[in-house]
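The values are calculated or read from the model by the stated rules, or taken from the named source; none is laboratory data. Only a predicted model underlies this, so the values are computations on that prediction, with no experimental measurement involved. Ideal geometry is used to build each Cβ from the backbone, glycine not excepted, and the neighbour counts take in all protein chains shown. Each accessible area value is taken on the protein alone, full model and side chains, heavy atoms only, with ligands, DNA and RNA left out. Shrake-Rupley method; radii C 1.70, N 1.55, O 1.52, S 1.80 Å.
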Amino acid sequence: LRVWGRGVIAILGGRISVEGTPAQPPFLLVSNHLSYVDVFALAAVAAPVFIAKAEVRSWWLIGLLARHMEVIFIDREDLKDVVRVKELVFGAIQRGHGVHIFAEGGISQTCQVAPFKPALLDVAARNNYPVHHVTITYKTPQNSPPPSKVVAWIGGKPFMAHLVRLAGSCGFEVSLTFGEAPVVCRDRKALAEQLTQAVRARFVPIE
């Protein structure tokens, strides 16, 4: 998975920079979400089990890759499915895997860090389990469009059109900044708020 992630980033003309120490499995890791490129970068550095919304399963190419990566799919509109996924997350951690959650619930459409949703963090709160965090941001070369125009996937732009433009750009850098210490809290809403603020504190705007 790490080799695959590094390979895709290289093919797209990107490079990865890492600040801080990535969590070692087993772990629960959360981050902000700016683009599908986030997945490749996180795969390259941390190789986690990802959680993705159910409709990703049917997306061309991305859906195929996700199924082969053993992604846990979730229907966020179905409360019963949230319960099922929480059990799968805790089970994966108990088996020694690292699990990653895009805690905003989807790709940010403002290129900022939206408040993290507490539902899937309930498994950590109930078990007093530490949650690691990483902040994702991007840079593009001088005299080229900003990453908000090149890397961020907003406005419902077709995937292939966005991918072609990204691959034909002047390159980009994806920065992963890992927090110094995980957050532990028995209240899931308070845990979500603390993690949101921790990620925002290290976020560099991409506009």
Q | the chain, relative contact order in percent, only Cα pairs under 8 angstrom and at least six apart counted | A | 30
Q | Point-charge dipole on Cβ atoms (K/R +1, D/E -1) for the chain, about Cα centre, debye to 20 | A | 160
Q) What's the tally of Lys pairs in the chain whose alpha-carbon atoms lie under 20 angstrom apart, where the two lysines are 8 or more places apart or on different chains? A) 11
Q: Using label points projected 7 Å from each Cα along Cα→Cβ, tell me how many nm separate Ser144 and Glu193, to one decimal.
A: 4.1
Q: Name the long-range amide H neighbours of Tyr36: under 5 Å, sequence gap of 5 or more, or other chain; modelled H, no Pro or chain starts.
A: Trp153
**Q.** Length-normalised contact order of the stretch 88-182 in % [C-alpha pairs under 8 Å, at least 6 apart]
**A.** 30
Q | Residue range of the chain that is longest and free of trypsin sites (Lys or Arg not before Pro) which are both DSSP loop and sparsely packed (at most 14 other C-beta within 10 Å) | A | 1-94
Q) Rounded to the nearest 5, what % of the DSSP beta bridges within the chain are antiparallel ones? A) 25
Q) Can you pull the accessible area of Val174 for me, 1.4 Å probe, Å² to the nearest 10? A) 0
(Q) Using only the heavy atoms of the protein chains and a 1.4 Å probe, how would Leu88, Leu176 rank by accessible area, largest first? (A) Leu88, Leu176
Q | Over the chain: helical MRE at 222 nm, DSSP H runs n ≥ 4 each giving -39500 (n - 2.57), nearest 500 | A | -10000 deg cm²/dmol
Q) Picking from His132, Ser35, Leu195, whose Cα lies most toward the positive end of the charge dipole for the chain (charges on Cβ: Lys, Arg +1; Asp, Glu -1)? A) Ser35
Q.
Run the numbers for Val3 and Leu79: contour at 0.36 nm per residue of separation, minus the present Cα-Cα distance, in nm.
A. 23.8 nm
Q. Carbon and sulfur together cover what percent of the accessible area of the chain at a 1.4 Å probe radius?
A. 55
Q | For Val30, residues with placed amide H under 5 Å, excluding near neighbours | A | Ile101, His132, His133, Val134
Q: Compute the convex hull volume of the Cα atoms of the stretch 122-207, divide it by the residue count, and report the result per residue in Å³ as a whole number.
A: 120
Q. When the chain is fully extended, how far beyond the present Cα-Cα distance does Ala167 get from Thr21, taking 0.36 nm per residue of separation?
A. 49.7 nm
(Q) If amide hydrogens are placed 1.01 Å from N in the peptide plane, which non-local residues have theirs closer than 5 Å to the one on Gly13? (A) none
Q | 1.4 Å probe accessible area per residue over the stretch 148-188, in Å² | A | 51
Q. For the stretch 103-113, in order, what is each residue's ³J(HN,Hα) by Karplus, 6.51 cos²θ - 1.76 cosθ + 1.60 with θ = phi - 60°, in whole Hz (x at glycine and Pro)?
A. 6, 6, x, x, 5, 4, 9, 10, 6, 10, 8
